[in-house]
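One structure below.
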């Protein structure tokens, strides 16, 4: 087996409003983001800062005008994304609808449909969305008149992951096809990820408890970003998150050998993001290791139930379900270096060498005993 070349990726964090991404030319392959949700109270101040008329509309109980104005602010970011995304690029947006009482009126504000309408206007292909079900067991989750009809309301326990594609399927040159094969995912991961209902990912804590930062954030869990990055990009691609927050997208891009450019409007997040990147190196490598271990467990169970699999990994030597998985490579992180006087990081990855392959062969023998 030939050694895999050492990989390096670059990660840039820009602290400014992503409505103007002049720092980027058309170089983005995938967008993974979760914007501030219009009509959710925690984001009122931010939207009002962007457009003071929003605050006036809220105080005057003009709910639909408020919602439209908030989406106009998001549309400025979506337009910039359209400028920097390459043809064949994918946009994944995690968004929740909102329920809110303004004045005497309680109703749903359909954030996901407004975003779909805008991307349709931009000419994007709308792909099937994912419903991320975030179940709540709180006793006070129900709204309205309790057990008395008809004024109780269905509880929102899901969010959407909207998926858009720009101008048709992405094409790959002969050289890029090799990299695409190395960027494959396991068969059993495919079966879990490419479902339109995700119930196995728990939400992450929204509390920050950090001085100079807002009380709550809208961060999604690492697993969500990890899946989308593997589903819709290849190694060496550049991932964009225009609403970075605590840094989840950057960490997921690092873990999966992708470059990233991310924007965050609040510079007070800087120390938190940098600390999280450095602190999570061990977590990233453990996550990569767990993917391999989970596959070995899957193979062990599958082969006991249905016999030997037909295909073997060219890299690790263990069994895989399909020929498309044979060149899959998961590189561990060797080091993360912060560049001097900048908000950029460089990540260097380990070779997948024969010693590691032999280790997995021994693990296979152990699990099959």
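To check you understand DSSP bridge types, tell me what percent of the beta bridges within region 8-286 (both residues inside) are antiparallel, rounded to 5.
Working: 20 of 37 bridges.
For region 8-286, the DSSP antiparallel bridge percentage is about 55.
What order do you get for 230-237, 297-304 when each peptide is scored by the mean count of other beta carbon atoms within 10 Å, highest first?
Details: 230-237: 20.8, 297-304: 14.9.
Order by mean packing, descending: 230-237, 297-304.
From the Cα gyration tensor of the chain, with a ≥ b ≥ c the square roots of its eigenvalues, which class applies: rounded if a/c is under 1.5, or else prolate if a/b is larger than b/c, or else oblate? Could the numbers behind the result be given before it?
Values: a/c = 1.98, a/b = 1.58, b/c = 1.25.
Here the chain falls in the prolate category.
Would you compute, for the Cα atoms of region 209-347, the largest minus smallest coordinate along each principal axis and list the three values in descending order, in whole Å?
Sorted largest first, the three principal extents are 58, 30, 24 Å.
Rounded to the nearest 0.05, what FRET efficiency is calculated for residue 147 and residue 10 with R0 set to 41 Å and r the Cβ-Cβ distance?
Working: r = 57 Å, r/R0 = 1.39.
Computed FRET efficiency for residue 147 and residue 10 comes out at 0.10.
How far is helix 63-84 tilted, in degrees, relative to the longest principal axis of the Cα atoms in the chain, given as a value from 0 to 90 rounded to the nearest 10?
Taking Cα atoms only, the helix is inclined about 30 degrees.
Taking the 0 to 90 degree range and rounding to the nearest ten, how far is the long axis of helix 281-306 tilted relative to the main principal axis of the chain, both from C-alpha atoms?
In the chain, helix 281-306 runs at an angle near 60 degrees to the longest axis.
Tell me the mean residue ellipticity at 222 nm calculated for the chain from its helices only (DSSP H runs of n ≥ 4, each -39500 (n - 2.57), averaged over every residue, nearest 500). Each step should come with its number before you reach the end.
On the way: 11 runs with 134 residues, N = 369.
Result for the chain: -11500 deg cm²/dmol, rounded to the nearest 500.
Quick one: which of 327-333, 90-96 comes out on top by average Cβ neighbours within 10 Å, and what's the full order, highest first? Walk me through the numbers on the way to the answer.
Numbers: 327-333: 19.6, 90-96: 22.9.
Peptide ranking by packing, descending: 90-96, 327-333.
With just the Cα atoms defining each centre, how far is region 273-309 from region 53-131? Give it in Å.
Distance between centres, Cα-based: 36 Å.
What is the packing order of peptides 110-119, 15-24, taking the mean over residues of other C-beta atoms within 10 Å and listing the highest first? Don't skip to the answer; put the middle values down first.
Numbers: 110-119: 18.5, 15-24: 15.9.
Ranking, from highest mean packing down: 110-119, 15-24.
With a Förster radius of 25 Å, plug the Cβ-Cβ distance of residue 106 and residue 157 into 1/(1 + (r/R0)^6) and report the FRET value to the nearest 0.05.
In this case the efficiency is close to 0.90.
Among 238, 322, 246, which one shows the biggest mean-square fluctuation in a GNM of the chain, springs joining Cα atoms closer than 10 Å?
Top of the fluctuation ranking is 322.
Full-extension gain between residue 332 and residue 172, please, as 0.36 nm times their residue separation minus the C-alpha to C-alpha distance.
Between residue 332 and residue 172, full extension yields 55.1 nm more.
Where a number appears in this text, it was derived from the coordinates with a stated rule and is not lab data. Since the structure is predicted, the reported quantities are computational estimates derived from the model, not experimental observations. Note: ideal-geometry Cβ built from the backbone for every residue, glycine included; neighbour counts use all protein chains shown.
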